[in-house]
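The values are calculated or read from the model by the stated rules, or taken from the named source; none is laboratory data. The model shown is predicted, which means the values in this text are computed figures rather than measured ones. For neighbour counting, all protein chains shown are included, and Cβ atoms are generated from backbone atoms with ideal geometry for every residue, glycine included. To get the accessible areas, we keep the full protein, side chains included, count just its heavy atoms, and leave off ligands, DNA and RNA. Shrake-Rupley method; radii C 1.70, N 1.55, O 1.52, S 1.80 Å.
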Amino acid sequence: MKKNLLFGLLVAMSAVTLLSPKTSFATEVENPPAPQNNMITEKKNLGQLLALYPKPITVIGAEVDGKINWLVVGHTGIIGHDRILVSMNQKHHTNHGIKESKKFSINLVSQEMLPKADYVGSVTGSVADKSKAFEYKLGANGTPIINEAPVSMECNVVDSFESEGFDNFICAIAKTYADPKVLDENGKLDYTKLKPVLFEFPTYLYLATGEVLGKPFNLTKEPSMVAKLPMQEDGIVRLSRIEIFTEYLDEYLKFASEVGEKSLRTEPGVLTMYAVQEKENPNIVTILEIYASRKAYESHIQTEHFQKYKKGTVHMVKDLKLVDQHPINPSNQLKNFVQ
């Protein structure tokens, strides 16, 4: 009995010590700090608006009444790691063909094929013959694969259900096909090359995919690419033509590669920094530089990495010419990325 009382007393004393003001634990639990409201403006209530947009736009290929039909579908999703959900309005002509065959193809849309995709999404297969809208081949699973689509997936329907006005197909992927141009050196899909078109439903807009912001679970260490600023009216497009003394060429190239990569990774205003050598005269290096604004350029030349490059290579440069350019088609602006 005494041992039990002594043990209980020791436990109680330990609890008092742990919860003493020195640790402030008891105070924090009993009197939690009031949540901070750091919002500058209040959010506007949009009601029950579905806001998970934009989504990749796809062209569904299926056989309907003995004829190939194409349909644009923007409502696709992922279930786990091996299932796809495709939701289609019940009015679509394609639906009953899918219900009969239990299979179809999903083709991602590139910017080049977007006009054709837009067409097959604007007319119904019950009235128009859309079978010749795309050149295609039948895949191993027997569904039509669009030749010009960068990526196509053949799918088998494993389950389906109806919701208000929609047929919803849960699918397993039978085969996936990709244009070699959208693969990286390891044979994996490279979405910076693929650049699938996105669809934004509330305002009916097609969008291009965004820029690389970084690698998941690694942003606090070294992001692959910071988010970039938009091009301003005083943005700079420049060709820097640099002639290097032969004896310093290898060393200079290391400096140039380092400053280019660091600038692209860390500076929001550096949109492009792409260096090339002349084949017949490798001592001539030309760098295409694009800065979002004059301020972005001035900030760039003050950075530690640029100053390191400038001071480290000043004696290596035989001749330097900086020629500002005027872009013929500003909307076709080049942006290069660091993997």
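Among (1) of a type outside the set (F, W, Y); (2) at pLDDT 95 or above; (3) open to solvent by 60 Å² or more (accessible area, probe 1.4 Å), where does D65 come up short?
That leaves (2) as the condition not met.
Could you list, in sequence order, all residues of the range 262-275 that are under 19 Å from M316 (Cβ atoms) and either out of contact with any strand residue (DSSP E or B) (no Cβ under 8 Å at 6 or more places or on another chain) or at pLDDT 95 or above (or both)?
Hit for the range 262-275 is K262, nothing else.
Got at least one residue in the range 315-336 being open to solvent by less than 30 Å² (accessible area, probe 1.4 Å) and either among the hydroxyl-bearing types (S, T, Y) or farther than 26 Å from K195 by Cα (or both)?
Yes, that holds for at least one residue.
Which members of the range 144-197 meet the condition of being under 14 Å from S110 (Cα atoms) and among the aromatic types (F, W, Y)?
Y191
Could you count how many residues in the range 101-131 are of a type in the set (S, T, N, Q) and over 26 Å from the mean Cα position of the chain (by Cα)? Reasoning before the result, please.
Looking only at the range 101-131, we keep the residues that are of a type in the set (S, T, N, Q), and these are 101, 105, 107, 110-111, 122, 124, 126, 131.
Still in the list and also over 26 Å from the mean Cα position of the chain (by Cα): 101, 122, 124, 126, 131.
Total satisfying the criteria: 5.
Each row is one residue, and each column tells you yes or no for (1) among the small types (G, A, S); (2) open to solvent by less than 30 Å² (accessible area, probe 1.4 Å); (3) in contact (Cβ under 8 Å) with a residue 12 or more places away in the chain.
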| position | (1), (2), (3) |
| --- | --- |
| S257 | yes, no, yes |
| E280 | no, no, no |
| I287 | no, yes, yes |
| K308 | no, no, yes |
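Can you find even one residue in the range 47-60 that is crowded, with 22+ Cβ neighbours inside 10 Å, in contact (Cβ under 8 Å) with a residue 60 or more places away in the chain and over 21 Å from A174 (Cβ atoms)?
Keep residues of the range 47-60 that are crowded, with 22+ Cβ neighbours inside 10 Å, which gives 57-60.
Remaining after also requiring in contact (Cβ under 8 Å) with a residue 60 or more places away in the chain: 57, 59.
Now restrict to residues that are over 21 Å from A174 (Cβ atoms): 57.
Among the residues of the range 47-60, at least one is crowded, with 22+ Cβ neighbours inside 10 Å, in contact (Cβ under 8 Å) with a residue 60 or more places away in the chain and over 21 Å from A174 (Cβ atoms), which makes the answer yes.
Can you tell me which residue within the range 235-255, out of those that are in contact (Cβ under 8 Å) with a residue 12 or more places away in the chain and open to solvent by 80 Å² or more (accessible area, probe 1.4 Å), is nearest to P330 (Cα to Cα)? It would help to see each step written out before you state the result.
Here is the first cut: in the range 235-255, the ones in contact (Cβ under 8 Å) with a residue 12 or more places away in the chain are 235-246, 248-249, 251-253, 255.
Narrowing the set further to residues that are open to solvent by 80 Å² or more (accessible area, probe 1.4 Å) leaves 241, 246, 251.
Numbers: R241: 22, T246: 36, E251: 35 Å.
Result: R241.
For a quick check of your reading of the model, give me the residue pairs whose first member lies in the range 266-277 and is outside any strand (DSSP E or B), whose second is open to solvent by 50 Å² or more (accessible area, probe 1.4 Å), with beta-carbon atoms closer than 6 Å and at least 6 apart or on different chains.
P268/L229; G269/L229
So which strands (runs of 3 or more DSSP E) stay within the range 123-233 end to end and still have 1 or more residues that are more than 18 Å from K103 (Cα to Cα) and either at pLDDT 95 or above or among the hydroxyl-bearing types (S, T, Y) (or both)? Walk me through how you get there before you give the answer.
On the way: elements: 136-138, 144-146, 151-163, 166-178, 198-200, 205-207.
Fully inside the range 123-233 and qualifying: 151-163, 166-178, 205-207.
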